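Asker: The structure is given below, and queries will be raised subsequently.
We did not get these values from a lab; they are worked out from the coordinates using the rules stated. Predicted, not measured: the structure shown is a model, and the values here were computed from it. Quick reminder, even Gly has a Cβ in these numbers, built from the backbone with ideal geometry, and neighbours come from all protein chains shown.
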Amino acid sequence: MLELSILGFLTEQPLHGYELKERIKALSGHVRPVSDGALYPAITRLVTAGKLDQHTEPGTSAAPRRMLSLTDKGREDLLERLRHPKQAEITDHVRFNTLLAFLRHLPDRREQAAVLRRRLEFLRTPASLFYAEGKPVRAEETGDLFREGILRVARATGRAERAWLEEALAQLDQPG
C-alpha cells in the first residue's frame with residue numbers, strides 16, 4: 001500500500017519526501033503510521049525501478065530538498081495497480097480507502113466500476129468479527145456489551161458503504 005500511496009500522490013504533483021510522508025500520514029497514518037524506515041527505502045526502490053525521478057532543489061530555509069516526480073513507467077505501474085488490486089486491497093478497509101483515494105486516475109469508468117464491484121461483492125458476503133461453533137455471531141447474540149458495540153458499528157458502516165458503492169456504480173454505469 002505504501003508504494004501505491006507514493007505513486008498515487010506523485011501522479012498529482014511532484015513532492016519532496018516530507019510532503020509525501022505528511023500526505024500518506026493524513027490518508028492512513030492514524031491507523032497505519034508510515035515511518036521513515038519504510039518510506040525512504042520504498043522511494044529508493046521506485047527510483048531504482050525507474051518509476052520515480054528525483055532531483056534536488058534548494059530548501060526554503062535549510063538543506064536542499066529531494067523532489068520526487070512520477071515517470072511514465074511509474075504512471076503505468078499505478079494504473080496497473082488500480083486496474084488489478086490484490087485481494088487484500090479489496091478486503092482490508094484501510095487498504096481499500098487508499099485504493100479509492102487514487103481510483104479517479106484510472107481513465108476507464110468500466111475499470112473503476114470493476115474495482116467497486118469487487119468490494120461490493122466482498123461486503124455482501126456474510127461475515128463477523130466473532131464466531132461461535134464456526135458460525136458468525138450477530139451483535140444481538142454476543143451477550144457482551146462491548147462486542148455488541150463493535151458489531152453494531154461494523155454493521156452500520158457496512159450498510160453505508162454498500163449504499164455508497166451501489167450509488168457510485170449506478171453513476172459509473174451511466175453512458176458518457
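Asker: Which far-off residues, 5 or more places away or on another chain, put their amide H under 5 Å from the one on Thr71, with H placed in the peptide plane?
Answerer: Leu52, Asp53
Asker: Hey, what did the range 1-95 get for relative contact order, percent, Cα under 8 Å, at least 6 apart? Please report the intermediate quantities before stating the final value.
Answerer: Working: 94 pairs, mean separation 32.1, N = 95.
The value is 34 percent.
Asker: Hey, can you grab everything whose amide H is under 5 Å from the amide H of Leu106? Only 5+ residues off in sequence or another chain; H modelled, so Pro and N-termini drop out.
Answerer: Sorted by chain and number, the residues that satisfy this come to none at all.
Asker: Counting other Cβ atoms within 10 Å of each Cβ, which trypsin sites (Lys or Arg not before Pro) in the range 70-161 have at most 15 and sit in a DSSP loop? It would help to have the intermediate numbers written out before the result.
Answerer: Details: sites: Lys73, Arg75, Arg81, Arg83, Lys86, Arg95, Arg104, Arg109, Arg110, Arg117, Arg118, Arg119, Arg124, Arg138, Arg147, Arg152, Arg155, Arg159; in loops: Lys86, Arg138.
Answer by residue number: Lys86, Arg138.
Asker: Name the lysines eligible as straight-distance cross-link partners of Lys86: C-alpha to C-alpha under 21 Å, and not fewer than 8 places from it in the same chain.
Answerer: Lys51, Lys73
Asker: Taking Cα atoms, how many degrees apart are the long axis of helix 109-124 and the longest axis of the chain, rounded to 10 and kept between 0 and 90?
Answerer: 40 degrees
Asker: Explain nothing, just the number: dipole magnitude of the chain about its Cα centre with +1 on each Lys and Arg Cβ and -1 on each Asp and Glu Cβ, in debye rounded to the nearest 20.
Answerer: On the way: 28 positive and 25 negative charges, 23 e Å.
Taking the Cα centre of the chain as origin, the dipole is about 120 debye.
Asker: Still on this structure, I have one more. For the chain, find the longest principal axis of its Cα atoms and tell me its angle to the long axis of helix 72-83, 0 to 90°, nearest 10.
Answerer: 0 degrees
Asker: Got a sec? Which residues in the range 65-87 would a label at Thr48 touch, if it sits 7 Å along Cα→Cβ and we count backbone N under 20 Å?
Answerer: 66-75, 77-78
Asker: Would you work out the relative contact order for the chain, in percent, from Cα pairs under 8 angstrom that are 6 or more residues apart? Mind dumping the intermediate values first?
Answerer: On the way: 168 pairs, mean separation 32.3, N = 176.
Relative contact order here is 18 percent.
Asker: Let me ask something else. Working from the pairwise distances between different alpha carbons, so that the mean of 1/r is found and then inverted, what is the range 79-135's Kirkwood radius in Å?
Answerer: So the Kirkwood estimate lands at 12.3 Å.
Asker: Between Arg65 and residues 5 or more places away or on another chain, which pairs have amide H atoms under 5 Å apart, with H built 1.01 Å from N, and which residues are they?
Answerer: Glu57, Gly59
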